[in-house]
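The structure under discussion appears below in the form of structure tokens.
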Amino acid sequence: MTTSKLWLVVPAAGIGQRMRAECPKQYLRIDSRFILDITLSRLLDSAPFAGCMVALNAADHWWPDTEASTDSRIQTCTGGAERSDSVRAALLALAEQVADDDWVLVHDAARPCVHPGDLVKLVETLSDHPVGGLLAAPVADTLKKAGRGANPEVVETVDRGRLWRALTPQMFRYAALVDALARAQESGQAVTDESSAMEFSGNMPLLVEGRPDNIKVTVPADLDLAGFILSRF
Ligand code: CTP
Ligand code: MG
């Protein structure tokens, strides 16, 4: 493993609109545990993190009921309107504790199925890398580009040969990531993950192949799927 310190940043400030549940999806339960607790314990159990910052929604009132809220390694801060705002808030909240070169792993609260082996693979693969990178999975399906309209027709079959799905954790050096996210925001560049901010600043993050079952719980059907995946390991 790397000699630089590792920090964990977990954006958990979303409202889970697509899940259409009565609470944000990170507070839905799988086998009686909150998704957020499952995610955090899987991460913290398998890497020697120096600390962990979780970004919560300003209106969150579920956090005190989590197992994680009693874990002294875990700190919280208030997130923002977009995922990238929540990540920036968490990075800012760590500022006094981190060194510029420390590694930060950013992981979605909504990905409870992240596998310990993938986490170790990511950290070991990137420990000497100048930029950092992310877990990702090659696209398996044939891809179609759709025309415009409500009932779109196929315009083109896209070559999937070099296309990957971006997963998390995404691992970058603290100062470089803070700088890249600030630059992207100043330029009005929409960034849906840390890698795109780093790319926007001219870096080439490394794709580290991870398990395709590291799903982001997004729509109701994903809940059963995540439960099944978690029951297997
Ligand atoms: N997230 C966040 N702050 C936001 C938006 C999202 O911290 N303003 C977090 C979510 O809590 C989630 C992760 O980023 O863990 C990935 O986002 P997504 O899957 O889109 O979650 P939601 O935004 O909550 O869901 P939806 O887009 O369906 O509303
Ligand atoms: Mg969202």
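Details
- Among the candidates Val154, Val219, Val191, the residue that is surrounded by fewer than 14 Cβ atoms within 10 Å (Cβ to Cβ), within 24 Å of Ile15 (Cβ to Cβ) and not aromatic (Phe, Trp, Tyr) is uniquely Val219.
- Restricting region 179-188 to residues that are out of contact with any helix residue (DSSP H, G or I) (no Cβ under 6 Å at 6 or more places or on another chain) and of a type in the set (Gly, Ala, Ser), the residue that is surrounded by the most Cβ atoms within 10 Å (Cβ to Cβ) is Ala182.
- The lone exception for Ile215 - which of (1) more than 21 Å from Val131 (Cα to Cα); (2) β-branched (Val, Ile, Thr); (3) assigned to a helix (DSSP H, G or I) it fails: (3)
- Among the residues of region 49-92, the ones that are under 12 Å from Pro11 (Cβ atoms), assigned to a helix (DSSP H, G or I) and not charged (D, E, K, R) come to 6 in all.
- Output for region 1-57, where each listed residue is closer than 18 Å to Val106 by Cβ, β-branched (Val, Ile, Thr), touching a residue at least 60 places away in the same chain (Cβ under 8 Å) and away from ligand 2 (no atom under 16 Å from the Cβ): Thr2, Val9, Ile38
- Among residues of region 96-133 being of a type in the set (S, T, N, Q) and more than 26 Å from Trp63 (Cβ to Cβ), the one that is nearest to ligand 2 (Cβ to nearest atom) is Thr125.
Yes/no per residue for (1) charged (D, E, K, R); (2) within 12 Å of ligand 1 (Cβ to nearest atom); (3) under 21 Å from His115 (Cβ atoms):
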position: Met19; (1), (2), (3): no, yes, no
position: Arg33; (1), (2), (3): yes, no, yes
position: Arg42; (1), (2), (3): yes, no, yes
position: Asp60; (1), (2), (3): yes, yes, no
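- In summary, strands (runs of 3 or more DSSP E) completely within region 115-190 and bearing 3 or more residues that are closer than 12 Å to Leu206 by Cα occur at 132-138, 164-173.
- The residue pairs whose first member lies in region 68-95 and is within 16 Å of ligand 2 (Cβ to nearest atom), whose second member is outside any strand (DSSP E or B) and among the hydroxyl-bearing types (Ser, Thr, Tyr), and whose beta carbons are closer than 7 Å, counting only pairs six or more residues apart or on different chains, are Gly79/Ser86; Gly80/Ser86; Arg83/Thr192.
- Extreme residue, farthest from the chain's Cα centre (by Cα), among residues of region 184-231 that are farther than 25 Å from Leu28 by Cα, polar (S, T, N, Q) and away from ligand 2 (no atom under 16 Å from the Cβ): Ser187
- Some residue of region 111-128 being within 23 Å of Thr192 (Cα to Cα) and without any contact (Cβ under 8 Å) to a residue 40 or more places away in the chain: no
Bear in mind that the values in this text are calculations on the coordinates, not laboratory data. All values derive from a computational prediction rather than experimental measurement. In this analysis, Cβ positions are derived from the backbone assuming ideal geometry, glycine residues included, and neighbour counts consider all displayed protein chains.
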